[in-house]
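> Just passing along the structure, written as structure tokens.
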Amino acid sequence: MNTLDPGISEELEAFRSTVKKFITTEVAPNRQRWRQQRCVDRQAWIKAGQAGLLGVSIPMEFGGGGGSFRHETVIMEEFARIGFLDFYIPLHNAIVAPYFVRFASPAQRERWLPTFSSGECILGIAMTEPGTGSDLQAIRTTARRDGCCYVIQGQKSLISNGQSADLILVAAKTDPARKGKGISLLVVEPGKVEGFRRGRTLEKAGLHAQDTAELFFDDVRVPEENLLGEVPDQGFAQLMDSLPQERLVIAVQAVASMVAALDETISYVKGRTAFNERIFDFQNTRFVLAECATATQVGKAFVEKCVAQLVDGQLDPSLAAMAKLWATEQHFHLVDRCLQLFGGYGYLSEYPISQMWADARVQRIFGGTSEIMKELIGRGL
Ligand SMILES: Cc1cc2nc3c(=O)[nH]c(=O)nc-3n(C[C@H](O)[C@H](O)[C@H](O)COP(=O)(O)OP(=O)(O)OC[C@H]3O[C@@H](n4cnc5c(N)ncnc54)[C@H](O)[C@@H]3O)c2cc1C
């Protein structure tokens, strides 16, 4: 049921047509090649900017589309529909850019936000390190104050858009003695600093066109104006404030991917026969699909509730953790069951369901693992 104001619905549907057109002309014909080369073409980012897909929820006064998180969900749904989550527009638009909208000083907003909508400045965020992921307070990267600069020393790993990012928000300890309370977020523009190095593109089980990488910071000097919000030691609070939205992004993608996997499977089982019957006509198949369809509808309703809260500026962090936990666990379970209905062909790379299965696995890990989601939910009970 669509409960949105008809005006908003109409505008979102018009935006959906734009996104669909972009995907049909620019993404679908290239995605296999991008998977093989382990990254999306930079030119595709520029074209996404020209089509109006980047910075869609950044206020218009900063060159953005002036939309809301609902516009972001349209992008996520349409990419999920073709089973291609590797093009990390959601990370750029709905995870990193909001840090600037929320926490940047007026001068920082003026300086950076207008560059986020063209595709010439791809965004990343670097929290995870080789030694720590779940325990953010244990990061070892430091940003030492030296005159009017910060000097960053350390290493990050598993960073999305790691090879392509032109601007990276880096979590570092500005006051190592204070654990979480001594973390700040610093803006690093790789093209403008010395001592920054990108490592190899990490080989993954799925999401092959996503350039996940290691990053090295060897006494990288950034001016004090690059401290997000211009007040030190606010990083942990900024992260805690923003991570619920990141979790909701992942939940939206999970539910949209469930819809896509289900459609793909229904179409396959109606076309293939065994024992002179369609696979669809076996009671087992219909029962499995009925359960999958039910889980998808439940997921849609729950995630929609969280999206509505977010759009109203009232996303409950505990609900966001529940949405991430439930949707990603269901997503993987559903794709695994769907793959089973394809028989041996489900395991072949050339069948989209196998890619969907490999891509689904990481959803339970990044943005906070399922175990960490349970910790967060449990603590609030
Ligand atoms: C494809 C991909 C893209 C990513 N992109 C980014 C990115 O752009 N930026 C970024 O900063 N990071 C990124 N990450 C990192 C991701 O967020 C981390 O992998 C994740 O948070 C888990 O951290 P970890 O890998 O260090 O696992 P660990 O923290 O070492 O956890 C290992 C296991 O222990 C469990 N565990 C840990 N603590 C507890 C606890 N208290 N109770 C119970 N169990 C626990 C975990 O749930 C997990 O099962 C990405 C990861 C992947 C795979």
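No lab work stands behind these numbers, since they all come straight from the coordinates. Just so it is clear, the model here is predicted, and its values are computed rather than measured. In this analysis, Cβ positions are derived from the backbone assuming ideal geometry, glycine residues included, and neighbour counts consider all displayed protein chains.
> Taking 0.36 nm per residue of sequence separation and subtracting the Cα-Cα distance, how much length would be gained by fully extending the chain between S68 and R221, in nm to one decimal? Display every interim value, and only then the final one.
Details: separation 153, 0.36 × 153 = 55.08 nm, distance 3.50 nm.
Gain in length upon complete extension: 51.6 nm.
> A further question follows. Would you work out the charge dipole size for the chain about its Cα centre, treating the Cβ of every Lys and Arg as +1 and the Cβ of every Asp and Glu as -1, and quote it to the nearest 20 debye?
660
> Please list, in order along the stretch 90-102, the HN-Hα scalar couplings obtained from phi with the Karplus expression 6.51 cos²θ - 1.76 cosθ + 1.60 (θ = phi - 60°), rounded to whole Hz, x for Gly and Pro.
Result, ordered by residue: x, 5, 4, 6, 10, 10, 8, 3, x, 4, 6, 5, 7 Hz.
> For the stretch 1-148, compute Rh as the Kirkwood radius over C-alpha pairs and then the Stokes-Einstein diffusion coefficient at 20 °C and 1.002 mPa s; write the answer in µm²/s, rounded to an integer.
126
> Could I ask something else about it? Taking Cα atoms of the stretch 1-76, Rg/Rh with Kirkwood Rh, to two decimals? Spell out each step's value before the answer.
Details: Rg = 14.0 Å, Rh = 13.6 Å.
When Rh is taken as the Kirkwood radius, the ratio is 1.04.
> Over the stretch 314-357, what per residue volume does the convex hull of the Cα atoms give, in whole Å³?
Taking only Cα atoms, the stretch 314-357 has a hull volume of 61 Å³ per residue.
> Given the options L239, L113, T201, identify the residue whose Cα lies farthest towards the positive end of the charge dipole of the chain (+1 on Cβ of Lys, Arg; -1 on Cβ of Asp, Glu).
It is T201.
> Quick check: net charge around E11, other residues with Cβ under 13 Å of its Cβ, Lys/Arg +1 and Asp/Glu -1?
Local charge sum for E11: -1.
> Can I ask one more? Quick one: net charge of Q32's neighbours, Cβ under 15 Å, K/R +1, D/E -1?
-1
> Mind listing the long-range amide H neighbours of A126? Cut-off is under 5 Å, sequence gap 5 or more, other chains count too, H placed in the peptide plane at 1.01 Å from N.
Answer set, sorted by chain and number: L169, V170, A171.
> Could you list which residues have their amide H under 5 Å from that of L158, counting only those 5 or more apart in sequence or on another chain, with H placed in the peptide plane?
Amide H neighbours of L158, under 5 Å, 5+ apart: A213, E214.
> Which three lengths, in whole Å and largest first, does the stretch 237-379 cover when its Cα atoms are put on their principal axes?
That works out to 60, 26, 24 Å along the principal axes.
> Mind checking which of A94, A171, A138 has the largest fluctuation in a GNM of the chain, springs on alpha carbons under 10 Å?
A138
> Let me understand the stretch 121-194 better: what is its radius of gyration from the alpha carbons, and its Dmax, in angstrom?
12.0, 34
> OK, next. In 10 Å bins starting at zero, report the fraction of Cα pairs in the stretch 129-281 per bin as a rounded %.
10, 30, 28, 13, 8, 7, 3, 0
> Which FRET efficiency value, to the nearest 0.05, is calculated for A274 and D41 with the Förster distance at 35 angstrom and r the Cβ-Cβ distance? Display every interim value, and only then the final one.
Details: r = 41 Å, r/R0 = 1.18.
Using R0 = 35 Å, I get an efficiency of 0.25.
> Which ordering of F287, F100, F280 is given by a fewest-first count of other beta-carbon atoms within 10 Å?
In increasing order of surrounding Cβ atoms, one gets F287, F280, F100.
> To the nearest 0.05, what FRET efficiency results for K20 and V298 with a Förster distance of 25 Å applied to their C-beta separation?
Working: r = 26 Å, r/R0 = 1.05.
E between K20 and V298, to the nearest 0.05, is 0.45.
> Where Lys and Arg each count +1 and Asp and Glu each count -1, what net charge lies around G119 among other residues with Cβ under 9 Å from its Cβ?
Neighbourhood net charge equals +1.
> Which three semi-axes in whole Å describe the equivalent ellipsoid of the chain, each the square root of 5 times a Cα gyration tensor eigenvalue, listed largest first?
Details: eigenvalues 264, 93, 88 Å².
Semi-axes from the Cα gyration tensor: 36, 22, 21 Å.
> Could I ask something else about it? What share of all Cα pairs of the stretch 334-381, in percent, falls into each consecutive 5 Å distance bin?
Distribution as computed: 5, 22, 20, 13, 12, 11, 9, 5, 3 percent.
> Name the residue, out of E329, E13, E120, whose mean-square fluctuation peaks in a Gaussian network model built on the chain with Cα pairs under 10 Å.
Comparing E329, E13, E120 in a Gaussian network model of the chain, the most mobile one is E13.
> What residue among S349, S257, S370 has the largest mean-square fluctuation in a Gaussian network model of the chain, using Cα springs under 10 Å?
S349
> Let me have the 222 nm mean residue ellipticity of the chain computed from DSSP H runs of 4+ only, each contributing -39500 (n - 2.57), with the sum over all residues rounded to the nearest 500. Each step should come with its number before you reach the end.
Values: 11 runs with 171 residues, N = 381.
Helices in the chain give a 222 nm mean residue ellipticity of -15000 deg cm²/dmol.
> Based on the inverse mean of 1/r over its pairs of different Cα atoms, what is the Kirkwood hydrodynamic radius of the stretch 63-146, in Å?
Working: mean 1/r = 0.0662 Å⁻¹.
Answer for the stretch 63-146: a Kirkwood hydrodynamic radius of 15.1 Å.
> Going by amide H atoms built from the backbone, whose H comes under 5 Å of the H on F196, apart from near neighbours?
Under 5 Å from the amide H of F196: D218.
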